Amino acid sequence: MLRAPLRRLWLKIHRWIGLTLGPVLALTALLGAVLVVALPIDRYAHSELFVGRNTAVAASALPLEPLRQRLVAEFGPDTTLTLRPPRTPSETLWVYVRGPWDGTLYLDPATGAEQGRRGSHEGAYNLLFELHSSLLLEDTGKGILAFVALAYLLMLITGVVLWWPTRWPPSLRISLDRGLLRGLFDLHRTGGAVLGMLIAVSVFTGAYMAWRPLGNFISATIGQEPVKPPTVPKGTPAGPRLSLDELVARAQNVFPGQPIGYVQVPAKPNRPLRVRFRLADDPHPNGISSVWLHPLTGEVLAVRRWQDLDAGNGAVVVIYPLHTGVLGGPVHQAFVALLGLALAGLGLSGVWLWWRRRAVAAAARGFALSNNSNRTTS
């Protein structure tokens, strides 16, 4: 059992972390829960972006090089393109554009005709996602969220210490018949103790994806060198530039018959072209096993399966589907959404309990002063 001074110290740490960072945690958790539901709603509401118009035509017939040239002509030579091939026969071809304009193009996979486009911050779903992943502050926001997530771990430890019972098994009773204040206190205290570790997994995996240096730090801590992308040899290569179709075909020769997750086309010729594959044993829904090629000559610069990555960066193969709920299907996604709602509830209830107790204490002090004043007067 904690001594009173030590308990007050733990309570102050827990309370002030919750009051300063709790609202940010609550917001991002609530947005994460909403995103689980918003994704299928967005796909349904904007089917013109996600469903191809000519699904009866073979999507493989679309040549990629004319498409690349068309997009470079529109957006400029300093634009990076990432192609996401259709995952099902009815899906569109997505092209993520990063340059003078940032956003996503949705193309008919058979003809290459544009069916629509959205900017990175355009549309309700994109806005919710950017708020959840970076607070609309790009890399700065991701760093803030990583710090907040790590602070949650300290808040969890202090909360468990304060909850820790003197007798086991502990009582997990929640009294809802003794007023709102007591009911919320029990929900906050018991809910935090029971769900804290599960919520911690969700919070930590989110921080891991938001702030990529965390992976490098973990690898360095266990004595591993982070695996970096290969570099393109210096000098101008001889011969004509290979088409994007030929480059992709050379990558497919490395992993024949395996579906492509992404084709990342660099803006500059001194950066390698990367083709990501979704191998059969890859838990990541987009695949992170990769082939890097010289963007002009097609020379294979590196081949790395997801098992070949260092622990810190390779862990994303499980962390991403674990955080989004894809790893366990619809049931896991529903559970992730419930954890987000639970964390939001813990954050908001903690702030409300603090404010309500201050209000009750202020009223009590006012009543005591009034009584003292009346006694003095009489």
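Val316 fulfils the conditions (1) open to solvent by less than 50 Å² (accessible area, probe 1.4 Å); (2) more than 23 Å from Ile199 (Cβ to Cβ); (3) touching a His at 6+ places or on another chain (Cβ under 8 Å) except for a single criterion, (2).
Filtering region 319-336 to residues that are of a type in the set (A, V, I, L, M) and surrounded by fewer than 18 Cβ atoms within 10 Å (Cβ to Cβ) leaves Val326, Leu327, Val331, Ala334. Return the residue satisfying two criteria in turn: it lies in region 241-289 and is of a type in the set (Gly, Ala, Ser) and more than 21 Å from the chain's Cα centre (by Cα), and of such residues it is surrounded by the most Cβ atoms within 10 Å (Cβ to Cβ). Looking at residues that are of a type in the set (Gly, Ala, Ser) and more than 21 Å from the chain's Cα centre (by Cα), I get Ala251. The selection criterion, being touching a residue at least 12 places away in the same chain (Cβ under 8 Å) and within 18 Å of Ala344 (Cα to Cα), does not hold for Leu136. Any chance region 114-123 includes a residue that's touching a residue at least 40 places away in the same chain (Cβ under 8 Å), more than 18 Å from the chain's Cα centre (by Cα) and surrounded by fewer than 15 Cβ atoms within 10 Å (Cβ to Cβ)? Yes, there is a match, as at least one residue in region 114-123 is touching a residue at least 40 places away in the same chain (Cβ under 8 Å), more than 18 Å from the chain's Cα centre (by Cα) and surrounded by fewer than 15 Cβ atoms within 10 Å (Cβ to Cβ). Of all residues in region 1-49, those being among the hydroxyl-bearing types (Ser, Thr, Tyr), under 23 Å from Gly347 (Cβ atoms) and either open to solvent by 40 Å² or more (accessible area, probe 1.4 Å) or touching a Ser or Thr at 6+ places or on another chain (Cβ under 7 Å) (or both) number 1.
If you go through region 193-230 and keep only what is in contact with an Asp or Glu (Cβ under 7 Å, 6 or more places away or on another chain) and open to solvent by 70 Å² or more (accessible area, probe 1.4 Å), you end up with Gln224, Glu225.
Listed here are the strands (runs of 3 or more DSSP E) enclosed by region 76-162 that have at least 1 residues being charged (D, E, K, R): 80-84, 93-98, 114-119. Of all the residues in region 87-98, those that are farther than 15 Å from Arg276 by Cβ and open to solvent by 30 Å² or more (accessible area, probe 1.4 Å) number 4.
Considering each of Asp245, Asp281 in turn, give the residue that is in contact (Cβ under 8 Å) with a residue 12 or more places away in the chain and of a type outside the set (Lys, Arg).
Unique residue meeting the criteria: Asp245.
The values are calculated or read from the model by the stated rules, or taken from the named source; none is laboratory data. Everything quoted here is computed from the prediction, not taken from an experiment. Don't worry about glycine lacking a Cβ; one is built from the backbone with ideal geometry, like all the others, and counts go over all protein chains shown. Side chains included, ligands, DNA and RNA excluded: accessible areas come from the protein's heavy atoms. Shrake-Rupley method; radii C 1.70, N 1.55, O 1.52, S 1.80 Å.
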